[in-house]
Structure formats: C-alpha cells, structure tokens
Amino acid sequence: MGKTFAVIGDPIDHSLSPNIHSAAFRELNLDCSYIAYRIPKDELGDGVEGLKKIKIDGFNVTIPHKVEMMKYLDKIDESCSLIGAVNTVVNNDGVLKGYNTDMDGFLEPLKKRNIDISNSNVLLLGAGGAARAIIAGFAKEKAKSITIANRTIEKADNLVEFAKKISLDANAITIDEIGESAKNYNIIVNATSIGLQKEPSPISLEGIDEKTVVYDIVYMPMNTDFLKKAKEKNAIIIFGYEMLLGQAARAFEIWHGMEAPYNAMKKALLGGF
Ligand code: ATR
C-alpha cells in the first residue's frame with residue numbers, strides 16, 4: 001500500500017514541501033503522497049490524533065508547532081533533544097519519533113563547498129527558532145566563535161547561554177551594534193525574517209571580500225538585498241533554498257531509508273519560484 005506524508009503548520013498554503021517531496025516520489029516511482037495540512041496553533045493535539053487515525057507514515061512540522069510538537073512525541077532523536085524543536089516525525093504503528101533535520105540541512109551547503117567551519121568566527125543575525133538549530137550546527141562543527149546579533153538583546157543572551165552549554169564560544173550584541181564590523185567575520189548568516197518583505201539588508205557588508213561566506217536562510221525571494229550586497233563584494237553566497245532542500249533531503253532519507261534524489265527535488269523547488 002502507498003505511504004502518506006504531510007507537512008503541518010499555520011499558515012501552510014504556501015509551503016513548498018509538497019512540491020519537493022512529490023517530485024522525489026515521481027523521480028523514484030514511489031507510491032507515496034504528501035499533503036499540506038493546516039493545524040491552527042491551539043489545535044495541535046487534535047491534529048496529531050487525526051494524523052494517527054489516518055495512519056500517516058510521517059510528517060514535517062513547521063511554524064508555529066516546532067517546539068510544541070515535542071510533547072506529542074514518544075521517542076526523540078538526539079538532534080531533536082539538542083535543539084528542543086522538531087521538524088520531522090516518523091509514525092511507526094502509532095509510535096511517534098521526532099527528528100530535527102534543520103541543523104544538518106543548514107550545514108549541508110557549507111559542507112558541499114568545503115568551507116572550513118572549525119576555523120571560523122561567525123556572525124549570526126537573529127535569535128528565533130531557526131537560529132537555535134544553526135547554533136547547534138556551528139557547535140557540532142566546532143566553529144571558533146559566534147556573535148549572536150538580535151534586535152531584542154534578551155533573546156540573543158538566552159542563545160549565548162545555549163551556545164556556551166554546548167561548548168561554543170559566544171557573545172550577544174544588538175543588530176545596530178554591528179556597525180561596520182561585518183568584515184571581522186568569516187561566515188555571516190541571516191536567520192531573521194528580514195528580506196521576506198523585500199526589506200533592505202539589515203547590516204552593512206562593507207569590507208567583506210571573496211573569502212567571506214554570506215548565507216541567508218530567507219528563501220523567498222531567492223535574491224534578497226542582503227545576498228545582492230554580498231554578491232557585489234564577490235563573497236561566497238549561499239541561498240535560503242539550499243537549506244530548505246537540505247532539510248527536505250534529510251527528512252526523505254529518514255522516512256524512506258534511501259538517498260534523496262537531490263537534483264529532482266531542487267528542480268521542483270526552483271520551478272516554484
Ligand atoms: P524563526 O523560527 O524563523 O527563527 P522567529 O522565532 O519568529 O522565527 O524569529 C524571528 C527572528 O527575526 C527574531 O530574531 C526576530 O528578532 P526579535 O527577537 O527582536 O523579534 C527577527 N526579526 C523579525 N523581524 C525583524 C525586524 N524587522 N528587525 C529586526 N529583527 C527582526
């Protein structure tokens with residue numbers, strides 16, 4: 001019998017995950033389907049019950065349920081407990097196991113480019129849920145240090161505590177305090193939502209060069225002003241869609257136990273822009 005998968009969240013109509021996973025099923029001739037299922041913020045418990053009733057084989061979890069979903073899991077993978085949030089669930093006869101593929105999805109484009117994370121000083125913009133998975137990734141790859149810059153300093157302070165707990169040297173500043181210091185970092189990541197509404201780059205990239213890695217996790221629009229400014233400086237740029245694909249490929253591999261057809265998934269995703 002065919003297998004069924006879903007992505008849950010709210011809003012969910014613009015999710016690109018159904019396209020990406022359906023393309024993978026087509027490429028490999030898998031008898032599977034993948035649907036987007038809207039579950040409002042305070043209805044997660046009932047929503048998960050519903051998914052179990054229809055014997056869903058697995059599902060992705062997105063905003064606003066990534067943290068809340070932790071309490072409905074029966075088993076928790078290490079990636080998931082480290083980050084404290086879940087984005088991928090396997091349903092094995094009603095037993096739900098959670099994973100977090102955002103961390104590996106984030107790291108994948110850096111590894112593909114052979115970027116030496118272990119000698120890097122990182123500037124991270126943002127201190128929300130995505131920033132947490134990114135910090136765990138830099139800790140795993142033993143980055144030299146991370147500066148966490150956020151509009152609300154208290155949230156950056158909290159993530160500095162988290163980083164230090166997992167042995168990553170960290171400090172917090174406000175985004176305004178960055179000033180002209182971007183050039184002091186090897187890797188600069190935007191993990192705020194700035195750019196989604198076509199806003200200008202939140203920081204100056206004056207002084208960065210062709211060795212600086214500039215990574216935006218905003219994937220819509222693909223060419224944010226932040227990345228455009230980085231391109232003008234000939235920096236190494238990484239697009240938000242690459243992280244999106246990376247986490248989807250990892251989820252695919254967890255569910256299907258085989259290598260994800262990355263190029264077919266990429267083609268489907270880029271066709272959606
Ligand atoms: P996600 O799960 O995608 O990380 P989130 O947890 O809501 O989403 O985090 C959004 C991040 O974008 C936060 O760091 C937020 O800054 P605050 O903590 O100060 O709210 C940041 N952000 C969103 N809009 C912003 C803006 N206009 N200026 C600066 N930072 C912004």
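The values are calculated or read from the model by the stated rules, or taken from the named source; none is laboratory data. All values derive from a computational prediction rather than experimental measurement. Positions of Cβ are backbone-derived with ideal geometry, glycine not excepted, and every protein chain shown enters the neighbour counts. The accessibility values were calculated without ligands, DNA or RNA, using every heavy atom of the protein model including side chains. Shrake-Rupley method; radii C 1.70, N 1.55, O 1.52, S 1.80 Å.
Tabulated data
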{"item": "Enumeration of residues in the stretch 1-55 that are among the polar types (S, T, N, Q) and at pLDDT 95 or above", "result": "Thr4, Ser17, Asn19, Ser22, Asn29, Ser33"}
{"item": "Lys75 modelled with pLDDT of 95 or more and farther than 21 Å from Tyr262 by Cβ", "result": "yes"}
{"item": "Residues of the stretch 79-102 that turn out to be on the phi < 0 side of the Ramachandran plot, out of contact with any Phe, Trp or Tyr (no Cβ under 9 Å at 6 or more places or on another chain) and open to solvent by 10 Å² or more (accessible area, probe 1.4 Å), as a count", "result": "8"}
{"item": "Residue list for the stretch 147-171, restricted to those being open to solvent by 70 Å² or more (accessible area, probe 1.4 Å) and either within 13 Å of the ligand (Cβ to nearest atom) or not hydroxyl-bearing (Ser, Thr, Tyr) (or both)", "result": "Arg151, Glu154, Lys155, Asp157, Asn158, Glu161, Lys164, Lys165, Asp169"}
{"item": "Sole residue being touching a strand residue (DSSP E or B) at 6+ places or on another chain (Cβ under 9 Å), within 15 Å of the ligand (Cβ to nearest atom) and at pLDDT 95 or above, chosen from Ala182, Ala143, Ala127, Ala139", "result": "Ala127"}
{"item": "Selected residue (criterion: nearest to the ligand (Cβ to nearest atom)) from residues of the stretch 200-233 that are open to solvent by 60 Å² or more (accessible area, probe 1.4 Å) and acidic (Asp, Glu)", "result": "Glu206"}
{"item": "Within the stretch 1-25, tally of residues that are open to solvent by 50 Å² or more (accessible area, probe 1.4 Å) and either under 19 Å from Gln247 (Cα atoms) or in a loop (DSSP other than H, G, I, E, B) (or both)", "result": "5"}
{"item": "From the options Asn171, Asn121, Asn150, residue that is polar (S, T, N, Q), in contact with a Lys or Arg (Cβ under 6 Å, 6 or more places away or on another chain) and not assigned by TED's automatic domain parsing to the domain that holds Ala85", "result": "Asn121"}
